[in-house]
Amino acid sequence: MELLHGRTTLSKFLIEHLRETQESNDLAALLVDVAAAIKAISAMAAKGALGGYLGEVDSHNVQGEVQKKLDVITNETILRHCEWGGLVAGMASEEMDEPFEIPAEYSRGRYLLVFDPLDGSSNVDLNVSVGTIFSVLRHDGDERPAFGDYLKRGREQVAAGYAIYGPSTLLVITVGRGTHGFTLDREIGNFILTHPNLRVPEETSEFAINASNQRFWEPPMQRYVDECKAGRTGPRARDFNMRWIASMVAEVHRILIRGGVFMYPRDTKDPKKAGRLRLMYEANPMAMLVEQAGGLASTGRERLLEHSPQTLHERIAVILGSRREVELIEQYHRDHDCGDDVPFSSPLFNERSLFRPEARA
Ligand code: AHG
Ligand code: MN
Ligand code: MN
């Protein structure tokens, strides 16, 4: 009984948290609808093969990726939970070519909801953590939203969040006043505030990148990763750890809990793509969550939240996490663009090099 006292549910948190902001109760109500969808997805993810949820369907999304059964089902789940309440004017997702129009029988609201219903879906069949990522944008006026209404910069997001379906299900959100985590109490069916005011440590010795792409990276990324890998005897003078879960939600969650830097940089693997991750429903919401927790999010050359989107499914380079590391990677991009970069493989990095930390001290 004692445990029930003093617990802050998501609804209570949102009502209290949004009271002093310009946002109406509609935003709280919308986030509660999103949370209801997330509870349903959490139950499906937990059932796995027993619910018939594993495997692929015979279709591709707009990105040309093979869709998993759960990609399709989770997309529908979010649409059904959020279309009816008069809170959203439209929705867009990774799994739909065009934005979803609110059916005529429902009224339209003041927000646009943009989401990746199942992030890290290559992990579904492996029982490794997957997630849902979402972003809430404002929609002014009563008109049905035009395509261009979705193309807002990340800094215009009114809320962002993700759910991680791991051993426990967590919902991590921001409404622009810090980043806060809630754990799903399955017996009671409520999200309970368990991680208030998450802060990304400024420094880290952990980085996450898909190193199999190294040969396609630009020189500043080669330099950064080479220096981390060189460890104690390299220019960074300390050992680093590397992680790669292939689920951005799980990587960002780790960074919010214990710091680190996550990178999916621009590469030359497919020159048609400016990056792997999608700006509107992966990069922007994660950038807002990380920056609200004191970290930084960048393309290497531009603050992610300042980037002006050109298309709904635009891809972008993502470098986010502990402030000092992201700043260093940005510095390496500037050095490179001015012709000043010094690849770690350069002969300048020898025993007596000026670039060794003891020489710089
Ligand atoms: P999604 O499952 O929504 O398509 O996203 C997967 C993303 C992201 O979560 C992860 O960081 C990255 O793709 C994994 O890419 P690799 O396959 O190159 O490891
Ligand atoms: Mn994704
Ligand atoms: Mn996805």
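Please treat every number below as a calculation from the coordinates, not as lab data. Since the model is a prediction, treat every value here as computed from it, not as a measurement. Here the Cβ is made from the backbone with ideal geometry for all residues, glycine too, and neighbour counts use every protein chain on show.
A few points about this structure:
- Sequence-ordered 3J(HN,Hα) estimates for region 38-48 from the Karplus curve with 6.51, -1.76 and 1.60 and θ = phi - 60° stand at 5, 4, 5, 5, 4, 5, 5, 4, 6, 6, x Hz, glycine and proline given as x.
- Inter-part distance, region 99-150 to region 236-303, computed on C-alpha centroids, equals 21 Å.
- Overall form of region 178-282 per C-alpha gyration tensor (a/c, 1.5; a/b vs b/c): oblate
- On full extension, the segment bounded by S11 and D335 gains 111.9 nm, given 0.36 nm per residue less the C-alpha separation.
- A Förster distance of 41 Å, applied to the separation of the beta-carbon atoms of D142 and A274, puts the FRET efficiency at 0.75.
- Couplings 3J(HN,Hα) for region 243-249, derived from phi with the Karplus relation 6.51 cos²θ - 1.76 cosθ + 1.60 (θ = phi - 60°), are 9, 7, 9, 6, 9, 4, 4 Hz, where x marks Gly and Pro.
- Taking the charge dipole of the chain about its Cα centre, with +1 at Lys and Arg Cβ atoms and -1 at Asp and Glu Cβ atoms, the residue from S42, I316, F182 reaching farthest to the positive side is F182.
- Amide H partners (placed H, <5 Å) of G260, local residues excluded: S322
- Segment E302-A230, length gained on full extension (0.36 nm per residue, minus Cα span): 23.2 nm
- Under 5 Å from the amide H of E56 lie the amide H atoms of K69, each residue being 5 or more positions distant or on a separate chain, with H modelled from the backbone and absent for Pro and chain starts.
- The slack in the chain from T311 to S24, taken as 0.36 nm per residue of separation less the alpha-carbon distance, amounts to 100.4 nm.
- Converting phi to 3J(HN,Hα) with the Karplus coefficients 6.51, -1.76 and 1.60 and the offset θ = phi - 60°, region 87-94 yields 9, 10, 8, x, 9, 9, 8, 4 Hz in sequence order, with x at every glycine or proline.
- Put simply, when 155-165, 232-242, 169-179 are sorted by average Cβ atoms within 10 angstrom per residue, most first, you get 155-165, 169-179, 232-242.
- The loop-placed GluC sites (Glu not before Pro) in region 44-116, going by DSSP, that have at most 16 neighbouring Cβ atoms within 10 Å of their Cβ come out as E65, E105.
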